[in-house]
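The values are calculated or read from the model by the stated rules, or taken from the named source; none is laboratory data. What you see is a predicted model, and the numbers here were worked out from it, not measured in a lab. Cβ atoms come from the backbone with ideal geometry, glycine included; neighbour counts cover every protein chain shown. Areas reflect the complete protein model, heavy atoms only, side chains present, ligands, DNA and RNA absent. Shrake-Rupley method; radii C 1.70, N 1.55, O 1.52, S 1.80 Å.
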Amino acid sequence: MVLRLDPEAYYDERTLRIMGLDGDGLEAAREAKELRCKEVGGQPVYKGAWLIAWLDRSEAEAAGGKVGAR
């Protein structure tokens, strides 16, 4: 799967689900304070840069690396 996120754009959950991200995973990360979001019109929106950082951390952790390790 190829997921392209613009670091300066904001995305709502519906759009992210259409792009292939798991809505339950987004909600869990948001509630655990692992993923930043803003409330706009009562709905969470995510800046592309925040999503990219969260996905990079998740990938590093899954690979057994330290957060922020490259």
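Residue by residue through the stretch 37-45, what is 3J(HN,Hα) from phi via Karplus (6.51 cos²θ - 1.76 cosθ + 1.60, θ = phi - 60°)? Round to whole Hz and write x for glycine and proline.
With the stated coefficients, the stretch 37-45 comes to 7, 10, 8, 10, x, x, 10, x, 10 Hz.
Tell me the carbon and sulfur percent of the accessible area for the chain, rounded to whole percent, probe radius 1.4 Å. Don't skip to the answer; put the middle values down first.
Values: 2440 of 4960 Å².
It is 49 percent, rounded to a whole number.
Once amide H atoms are placed 1.01 Å from N in the peptide plane, what residues at a sequence separation of 5 or more from Tyr11, or on another chain, have their amide H within under 5 Å of its amide H?
Tyr46, Lys47, Gly48
What are the ³J(HN,Hα) values, in whole Hz, obtained from phi via the Karplus relation 6.51 cos²θ - 1.76 cosθ + 1.60 with θ = phi - 60°, for each residue of the stretch 46-51 in sequence order, with x given for Gly and Pro?
10, 6, x, 4, 5, 5
Out of Tyr46, Gly64, Leu21, whose Cα points farthest toward the positive end of the dipole of the chain (charges: +1 Lys, Arg; -1 Asp, Glu; placed on Cβ)?
The residue sitting farthest along the positive end of the dipole is Gly64.
Which order do peptides 31-41, 9-19 fall in by mean Cβ count within 10 Å, highest first?
On the way: 31-41: 11.5, 9-19: 14.6.
Listed from highest to lowest mean packing, they are 9-19, 31-41.
Evaluate the charge dipole of the chain about its Cα centre and quote only its size in Debye, nearest 20, assuming +1 on the Cβ of each Lys and Arg and -1 on the Cβ of each Asp and Glu. Before the final figure, lay out the partial values.
Values: 11 positive and 13 negative charges, 45 e Å.
My answer is approximately 220 debye.
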